[in-house]
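First up is the structure itself, then whatever we jot down about it.
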Amino acid sequence: MNDKVFSGLAIEAKDLVKRYNEEVLAVDGIDLAIETNTIYSLLGPNGAGKTTTLSMLTTLLEPTAGSARVCGLDVVKQANDVRNCIGVTFQETVLDDALTGRQALDFHGKLYNQNKAKRQAKIKELLALVELEEAADRKIKTYSGGMKRRLELIRGLMTEPEVLFLDEPTLGLDPQSRARLGDYIQDLKENQGLTLLLTTHYMDEAQLLSDKVGIIDHGKIIAEGTPRELIEKMGADVIRIEGQGDSGRFEEKLRSLPFTQQVVAGDSLIQVGVDSGNRRLVEVISAAGDNGFRIEDISVAKPSLGDVFLKYTGRQFRD
């Protein structure tokens, strides 16, 4: 590799923009600074710009404006060098069902000019990592969804990347398979020193795995921080309220209460961050009755990354 620019960051983007035409601005001036040996989750509704951002960082799309570096290399000027230092697992499964798992890995190694001895050693190591040794010589068409995702994950590791991009790596998997794949992802960071940038719709997954998360909507990063930092801003507890009536008046009253730390409203759901949820229920219910709002369901819980996500993106459907 040549002309590396070392900034101490595995991924760096400055004012990154992708415009498809005059009407579609998919990514609108994103800045990223992702340190080496970390897991960064990019979260957002459908159509928020997650996959477009990954496509630019992995050299599949050229930015309309701005700049980005991966492994210290410019994604436009040094695209071939960038490809040699990254691994990618796409949202859609892109495996040849007519091949065996071992053959799929072997062909991938050949594409990168790995010699036979190195390919065989790497295949053995990676199959063991995701517990696919016994299925290695079966046709991929016989694999379950979870097995295919594991195979795609290690295919991205065949070339010993410095940075691994995972677009919805656990999409459509059952909870057990999601948990196991999450373990593998954590192991890649902790024991193999990789930097991982992943997108996911599973908030619990992002909260558990991530060193840092960025929430993207309408092509912009609208919140960023560690999961704990973002969650703590919601308050000690969250009271979730569903009902009907004069929600505007009720929300205004909630914001005026001395114990209220945050009020987030969307559609028929109101989330109230408070210092102690169970102690405040009576006052919240009383405020609803006094301000023309009929509560149909109310609950108290510790805030989660999902609550943070709804705070910043709302609940409306996205295309």
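Summary table
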quantity: Nearby aspartates and glutamates by direct alpha-carbon distance to LYS233 (threshold 14 angstrom, same-chain neighbours under 8 apart not counted); calculated: GLU224, ASP275, ASP307
quantity: Length-normalised contact order for the chain - Cα pairs under 8 Å, 6+ apart - percent; calculated: 20 percent
quantity: On Cα atoms only, tilt of 175-192 relative to the major axis of the chain in degrees; calculated: 60 degrees
quantity: Volume in Å³ per residue [convex hull over Cα atoms, computed for the chain]; calculated: 156 Å³
quantity: Sequence-distant aspartates and glutamates (8 or more away, or on other chains) whose Cα lies within less than 13 Å of LYS77; calculated: ASP3, GLU62
quantity: Among the listed pairs LYS189/LYS220; LYS189/LYS311; LYS110/LYS148; LYS110/LYS212, those beyond 31 Å (Cα-Cα); calculated: LYS110/LYS212
quantity: Per-residue [θ]222 nm for the chain (sum of -39500 (n - 2.57) over DSSP H runs n ≥ 4, rounded to 500); calculated: -10500 deg cm²/dmol
quantity: Rounded tilt (10° steps) of 145-155 against the dominant C-alpha axis of the chain; calculated: 60 degrees
quantity: Radius 13 Å from Cβ of ASP187, net charge of other residues (Lys, Arg +1; Asp, Glu -1); calculated: -1
quantity: Most mobile listed residue (GLY146, GLY266, GLY72) in the chain, GNM with C-alpha springs under 10 Å; calculated: GLY266
quantity: In degrees, nearest ten, helix 116-129 long axis to first principal axis of the chain (Cα); calculated: 30 degrees
quantity: Once exposed loop chymotrypsin sites (Phe, Trp or Tyr not before Pro) are cut out (DSSP; at most 14 other Cβ, 10 Å), longest piece of the chain; calculated: 113-316
quantity: Net charge contributed by nearby residues that have their C-beta within less than 11 Å of TYR202 (K/R +1, D/E -1); calculated: -2
quantity: Residue with peak Gaussian network fluctuation, the chain [Cα springs, cutoff 10 Å], from LYS189, LYS253, LYS18; calculated: LYS253
quantity: Max mean-square fluctuation residue, GNM over the chain, Cα-Cα springs under 10 Å, options LEU132, LEU257, LEU54; calculated: LEU257
quantity: Added length on full extension, which subtracts the Cα-Cα distance from 0.36 nm per residue, ARG138 to GLU252; calculated: 34.8 nm
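Any read-out appearing in this document is the output of simple, stated calculations on the displayed coordinates, not a laboratory observation. Remember, it's a predicted structure, so these values are computed and weren't measured experimentally. Here Cβ is always computed from backbone atoms with ideal geometry, including for glycine, and neighbour counts include all displayed protein chains.
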